[in-house]
Amino acid sequence: MQVAGAMVGALWVTGAAALWAALCGRALALEGGMLYPQETPSRERKDLNGLWDFRADFSEDRNQGFRERWYQRPLRESGPVLDMPVPSSFNDVGQDRKLYSFIGWVWYERQVLVPRSWTQDPGTRVMLRISSAHYYAIVWVNGVHVTEHEGGHLPFEADISKLVQFSPGELNRITIAINNTLTPHTLPPGIIEHMTDSSRYPKYYFVQKTNFDFFNYAGLHRSVFLYTTPVSYIDDVTVTTDVDQGTGLVNYEIVVKSNENFELELLLWDKEGRVVAKGMGARGQLAVPSAQLWWPYLMHEQPAYLYTLEVTLVVQTGAGIVSDVYTLPVGIRTVEVVHNQFLINGKPFYFHGVNKHEDADIRGKGFDWALVMKDFNLLRWLGANSFRTSHYPYAEEVMQLCDRYGIVVIDECPGVGIVLPESFKNISLQHHLEVMEELVRRDKNHPSVVMWSVANEPVSWLAPAAYYFKTVIGHTKALDPTRPVTFVSNSRPEVDRGAPYVDVICINNYYSWYHDYGHLEVIQLQVNAAFENWYKLYQKPIIQSEYGADNIPGFHQDPPLMFSEEYQKFVLQQYHFALDQKRKDYVIGELIWNFADFMTDQSPRRVIGNKKGIFTRQRQPKGSAFLLRERYWKIANETIFAFQSSDSFTMLASLSKQSQHHSNST
Ligand code: GCB
């Protein structure tokens, strides 16, 4: 694994993957399910969050760690280590400018004592799960390679039973090497530029270039878990739902591993603790008479109703009976795109929501419960019923909260910034298909997820984009026939090569921002023209999936000038006038860019990050947040009037009570 000179980028990442795949016989196709680790009567979980030993490999070729096999002994014996919090990005925690913008391999290590009960019982399977390591990760336990993973936003795991059972009672050393290098074949793609002009740059100088507008934070961004299952276990559960004249239908499919002779029993519990349906076997359908449906927030008085599916596996083994239990929240709902409408439970749904980022001071993209709860409270205050996971999959815990609060999700993969011709080649396409498989496998059971988004603003007018997107969209529909698929375009309808294959057209534009600067009077005309052109060509429902303007908090100018609060509000209002003309027709949603200010790469176009948030990065409202809040609550009230007319008075009363409660609390 010797890598010459400054070849830290593309070659090293792909080289390492191929080498490990060859060494370990690792199949590249997905294996097994990816159920969220939980504690049940048959499973235990231990989280490994906290401080880990950390070392960035600052050597010129970033290869010292592999040359010296840092995974073979405690990391601190290799040289100086830092205390690094997990989950967190490593970039903003310290005071080191070099670490802030580091590219290459960083090493994390944690010693862990595995409970004796886990190691003494050969019937226990011990799993190590890493919820997110950005971007390429290689994992060792006690110096033994256990797994590796490409892709920074989706979980992966390894069975480490044998390794920890080999040394009961002793500390086990978990080492994770992570490389944040992005290449034309990663998702998102990037490129390493080697600066060879010695009059301008030092020897071996290189920079990471990307085509997306957020900082490439890296590290262990989400929880690391150890958890157990019995050796015969429930590997995967897939649930899809339907409604037939008030009866909820829950179709299930269970995958069991490690034993052929098993029995499966399923119980569906309602919120009051009553069993409402029972099933047997690996595949079937549960019928729930007069089912309580899962409704989005602000679409029903009791949104987000969740049943609990309890799956019990019983296996007769030589050593006796083994059982495994897994429980899954189930929301019964339907999703369909019919003519110009997006229907949830047969009723038109209008997306009035936001685009987000996983981003905050100090933590970067690190998961933090306080931050997540603040964001959900702000979403509800705002009257937002939906968001898009721009521009990558978010933490599983966030998806679970969306289920619980009724926040509808457009679930986007990390296909952002696909602009280089190399990024349309087969190797990239293959990876994109795998990422969609991993995403669908992880998020398929969330009722809040109503649509998959396969990319954001690729150069969709390039000739190879047609085959590329036809394949990715087709594959996603085959993986999950129950949800529509979109991709987000910033191109013109007549040249867009992805739009023919999607179910819903998502368009981004920034009128009077990236062009026609300051000419607020052209916005309405341009928004209208865009809607009409897209619709004329494709006759598909459209979501205004991004629009907005930067505002630096505290800047005021009237008449409005760019970057002032007044300008941001004016832009939004102009879009709203145009949206109001079309939203009863074929425009089915509007998602503001962005929920909060967020960090980007440094550039003359960015003033310490992107400032298009309606909240600051610290989650304080700008003037635009109040404007949007008024609009979203108004739309929500209209929605309820239209769909629940018999019940409208109760609904409105309860809504305005909620609204008032929100106002009082500001
Ligand atoms: C876009 C991108 C988003 C950017 C935004 C902007 O079209 O999808 O990632 O941050 O524009 O502010 O430029």
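Coordinate-derived values only; no laboratory data. Keep in mind the model is a prediction, meaning the values are calculated, not measured. Cβ sites come from the backbone with ideal geometry, for glycine too, and all protein chains shown count toward neighbours.
Return a whole-number percent for the relative contact order of the chain, with Cα pairs under 8 Å and 6 or more residues apart as the contact set. Relative contact order, the chain: 12 percent. Long hydrophobic helices in the chain, taken as whole DSSP H segments with a C-alpha length of 18 Å or more on their own axis and mean Kyte-Doolittle hydropathy at least 0.0: 10-24, 369-382, 464-479, 623-643. For the pair Glu521 and Arg404, label points projected 7 Å from Cα toward Cβ lie 5.2 nm apart. Once the chain from Tyr205 to Arg76 is taken as fully extended at 0.36 nm per residue, the excess over their C-alpha distance is 43.7 nm. Rounded to the nearest Hz, the phi-derived 3J(HN,Hα) couplings of region 205-220 under the Karplus curve 6.51 cos²θ - 1.76 cosθ + 1.60 (θ = phi - 60°) are 6, 8, 10, 8, 10, 9, 10, 10, 10, 8, 5, 7, 4, 9, x, 8, where x marks glycine and proline. Taken over the chain, the percentage of Cα pairs per 10 Å bin, counting from 0 up to the bin with the maximum distance, is 3, 15, 25, 27, 19, 9, 2, 0, 0. For Lys584 and Glu310, a Förster radius of 45 Å and the Cβ-Cβ distance give a FRET efficiency of 0.55, rounded to the nearest 0.05.
Mind running the shape call on region 275-368? Use the C-alpha gyration tensor, a ≥ b ≥ c as the square roots of the eigenvalues: rounded below 1.5 for a/c, prolate if a/b tops b/c, oblate otherwise. Here region 275-368 falls in the oblate category. Each stretch of four or more DSSP H residues adds -39500 (n - 2.57); spread over every residue of the chain, this sum gives -7500 deg cm²/dmol at 222 nm.
Mind checking which aspartates and glutamates have their C-alpha under 17 Å from Lys98, skipping anything on the same chain fewer than 8 residues away? Counting by Cα, and skipping residues close in sequence, Lys98 has these aspartates and glutamates nearby: Asp57, Glu60, Asp61, Asp83, Asp601. Here the peptides 545-551, 401-407 are ranked by packing, the mean other Cβ count within 10 Å, and the order with the highest first is 545-551, 401-407. Given their separation in residues at 0.36 nm each and the Cα-Cα distance between them, Asn251 and Met195 gain 14.5 nm when the chain is fully extended.
When Met280, Met195 are arranged by Cβ crowding within 10 Å, least crowded first, meaning fewest neighbours, the order is Met280, Met195. Using R0 = 45 Å, the C-beta based FRET efficiency linking His556 and Lys162 works out to 0.10.
Working value for region 183-328: equivalent-ellipsoid semi-axes of 48, 26, 13 Å, each the square root of 5 times a Cα gyration tensor eigenvalue, largest first.
Put simply, the amide H of Asn551, placed in the peptide plane, has neighbours under 5 Å in Lys611, Lys612, Gly613, leaving out anything fewer than 5 places away on its chain. Residues whose amide H comes within less than 5 Å of that of Asn49, counting only those at least five positions distant or on another chain, are Val224 (H built at 1.01 Å from N in the peptide plane).
Contact order for region 542-614, expressed relative to its length and based on alpha carbon pairs under 8 Å spaced 6+ residues apart, stands at 35 percent. Computed from backbone phi, the HN-Hα couplings of region 540-555 come to 10, x, 10, 10, 6, 8, 8, 6, x, 7, 6, 9, 8, x, x, 7 Hz, rounded to whole numbers (Karplus: 6.51 cos²θ - 1.76 cosθ + 1.60, θ = phi - 60°; Gly and Pro given as x). When a/c reaches 1.5 or more, the comparison of a/b and b/c decides; with that in mind, is region 133-261 rounded, prolate or oblate per its Cα gyration tensor? Oblate, because a/c is 1.5 or more while a/b does not exceed b/c. Its alpha carbons considered, region 374-528 gives a radius of gyration followed by a Dmax of 16.6, 46 Å.
Taking every alpha-carbon pair in region 122-175 and binning the separations at 10 Å intervals from zero gives 24, 51, 22, 3 percent. Mind checking which lysines have their Cα closer than 28 Å to the Cα of Lys622? Skip sequence neighbours fewer than 8 apart in that chain. Counting by Cα, and skipping residues close in sequence, Lys622 has these lysines nearby: Lys356, Lys365, Lys374, Lys569, Lys582, Lys611, Lys612, Lys634, Lys657. 3J(HN,Hα) along region 275-284: 7, 9, 7, 10, x, 9, x, 7, 8, x Hz, from the Karplus curve 6.51 cos²θ - 1.76 cosθ + 1.60 with θ = phi - 60°, whole Hz, x for Gly and Pro. How much FRET efficiency would the formula 1/(1 + (r/R0)^6) give for Phe58 and Ser603, where r is the Cβ-Cβ distance and R0 is 22 Å, rounded to 0.05? For Phe58 and Ser603, the calculated efficiency is 0.30.
A straight Cα-to-Cα reach below 20 Å connects Lys536 with the aspartates and glutamates Glu494, Asp496, Asp503, Asp580, Asp585, Glu590, residues fewer than 8 places away in its own chain not being considered. Tell me, how many Å apart are the Cα centres for region 152-178 and for region 208-252? Between the Cα centre of region 152-178 and that of region 208-252, the gap is 21 Å.
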